[in-house]
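A.B. asks: Structure provided below as structure tokens; questions to follow.
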Amino acid sequence: MRKQIAAANWKMNLTLQQGEELLKGILANAKTLNENQQVIFAVPSPYLQAANTIVGETKNNFVAAQNIYSKKSGAYTGEVSVEMLQSLNIQFAVIGHSERREYFGESNTFLADKVNIALENNITPIFCCGEPLEVREAEGQNAFVAKQLEESLFHLSSEEIKKVVIAYEPIWAIGTGKTATSEQAQEIHQYLRSVIANKYGATTADEISILYGGSVKAANAKELFSQPDIDGGLVGGAALKVDEFVSIIDALN
Ligand code: PEP
């Protein structure tokens with residue numbers, strides 16, 4: 001059975017003290033997770049160690065980096081490597097968030113290199129894909145996201161791709177308060193799974209968690225997560241509030 005995941009993306013928000021308070025508040029109030037559920041906190045790099053200490057031995061809660069670089073080490077000022085994450089016992093990294101693609105020019109092929117170095121070093125990529133508004137309005141979303149998967153993930157073996165978590169995040173729904181309807185989200189998640197199934201077979205496709213991101217909140221999480229091909233959410237704004245994120249965790253199947 002594939003994992004059901006609530007992932008928080010703090011982006012470039014919060015001081016360390018605010019972050020620690022938020023994390024402690026969520027862990028103190030959230031339900032106990034079962035074997036099939038995970039909660040992942042993608043925190044700013046300077047807070048990775050402190051966050052991991054707080055998450056500590058709690059069951060099925062993890063900390064993620066919001067980004068990694070595609071090289072193991074070297075003269076890449078300001079970047080964060082997978083070796084650094086390993087030395088902190090961090091097991092997850094968000095790769096290809098639309099804000100990285102848009103503001104830092106990250107291409108599908110560059111992201112393929114990041115996926116490779118993550119997997120080679122036992123870091124689970126949370127790989128983001130999703131279309132901008134103009135593509136959705138022209139009904140080109142399926143081809144757009146399929147290309148993102150093909151160019152960044154489809155060089156992987158089936159054993160490798162099974163280790164990737166995919167987050168479908170329509171750019172027009174991120175931070176805008178506009179959520180894809182549960183039908184729209186289910187439709188494209190089902191499509192993404194079918195694209196993976198065509199390449200790797202249905203058994204492999206069935207094992208991959210595909211999260212929805214884009215204005216997920218306490219009020220819509222249950223309905224979104226109850227769709228058959230939606231395996232949880234990647235959450236920005238609502239992950240910065242204890243009550244909201246606790247309710248989102250509660251909505252996991
Ligand atoms: C995100 O940061 O990936 C995101 C989906 O943000 P929000 O939930 O605020 O739309």
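A.B. asks: Taking amide hydrogens as modeled 1.01 Å from N in the peptide plane, which residues meet the under 5 Å criterion relative to PHE62, leaving out close sequence neighbours?
C.D. replies: Sorted by chain and number, the residues that satisfy this are VAL39, ILE40, PHE41.
A.B. asks: So for each of 224-231, 92-99 I average, over its residues, the number of other beta carbons within 10 Å; can you give me the resulting order with the highest mean first?
C.D. replies: The most tightly packed comes first, giving 92-99, 224-231.
A.B. asks: Given H placed 1.01 Å from N in the peptide plane, which residues other than close sequence neighbours of PHE92 have an amide H under 5 Å from its amide H?
C.D. replies: Result for PHE92 returns ALA65, THR124.
A.B. asks: What 222 nm value per residue comes from the helices of the chain, counting each DSSP H run with n ≥ 4 as -39,500 (n - 2.57) and dividing by all residues, nearest 500 deg cm²/dmol?
C.D. replies: So the calculated ellipticity at 222 nm is -12500 deg cm²/dmol.
A.B. asks: Additional query: Taking the Cα-to-Cβ direction at PHE154 and at LYS24 and moving 7 Å from each Cα, how far apart do the two end points lie in nm?
C.D. replies: For PHE154 paired with LYS24, the spin-label model returns 4.9 nm.
A.B. asks: For region 5-77, state which chymotrypsin sites (Phe, Trp or Tyr not before Pro) are in a DSSP loop and have at most 14 other beta carbons lying within 10 Å of their beta carbon.
C.D. replies: Those that pass, being in a loop and sparsely packed, are TYR76.
A.B. asks: I would also like to ask the following. Give the lysines whose C-alpha is closer than 23 Å to that of LYS222, dropping any in the same chain fewer than 8 places away, or say none.
C.D. replies: Result set, ordered by chain and number: LYS3, LYS31, LYS59, LYS178, LYS241.
A.B. asks: Show me the ranking of peptides 169-175, 139-145 by mean Cβ neighbours inside 10 Å, starting with the highest. Before the final figure, lay out each step's value.
C.D. replies: Working: 169-175: 21.3, 139-145: 15.6.
Packing order, densest peptide first, comes out as 169-175, 139-145.
A.B. asks: Helix by helix through the chain, keep the DSSP H runs that span 15 Å or more along the axis on Cα and average at least -0.5 on Kyte-Doolittle, and give those back in order.
C.D. replies: Helices meeting the criterion: 16-29, 108-120, 141-153.
A.B. asks: Right, another one. What's the extension gain from LEU16 to ALA202 if we count 0.36 nm per residue and subtract their Cα-Cα distance?
C.D. replies: 62.7 nm
A.B. asks: With θ set to phi - 60° and the Karplus curve 6.51 cos²θ - 1.76 cosθ + 1.60, what are the ³J(HN,Hα) couplings of region 31-36 in order, to the nearest whole Hz, using x for Gly and Pro?
C.D. replies: 5, 6, 7, 8, 4, 8
A.B. asks: Whole Å is fine, so just give me how far the alpha carbon centre of region 75-92 lies from that of region 2-50.
C.D. replies: Centre-to-centre (Cα) distance: 18 Å.
A.B. asks: Taking amide H atoms as placed 1.01 Å from N in the peptide plane, list the residues 5 or more away in sequence, or in a different chain, whose amide H sits under 5 Å from that of LYS241.
C.D. replies: Here nothing satisfies the definition.
A.B. asks: Calculate one ³J(HN,Hα) per residue across region 124-130 by plugging θ = phi - 60° into the Karplus curve 6.51 cos²θ - 1.76 cosθ + 1.60, and present them in order as whole Hz with x for glycine and proline.
C.D. replies: Using θ = phi - 60°, the values come out as 7, x, 9, 8, 9, 9, x Hz.
A.B. asks: I've got another one for you. For the chain, what's the radius of gyration and Dmax over Cα atoms, in angstrom?
C.D. replies: 16.8, 47
A.B. asks: Assuming R0 = 22 Å, what is the FRET efficiency of ALA75 and ASP113, from their Cβ-Cβ distance, to the nearest 0.05?
C.D. replies: Values: r = 17 Å, r/R0 = 0.77.
In this case the efficiency is close to 0.85.
Every number in this text was worked out from the coordinates using simple rules, so none of it is lab data. Remember, predicted model here, so these are calculated numbers, not experimental data. With ideal geometry, Cβ positions are generated from the backbone for all residues, glycine too; neighbour counts draw on all protein chains shown.
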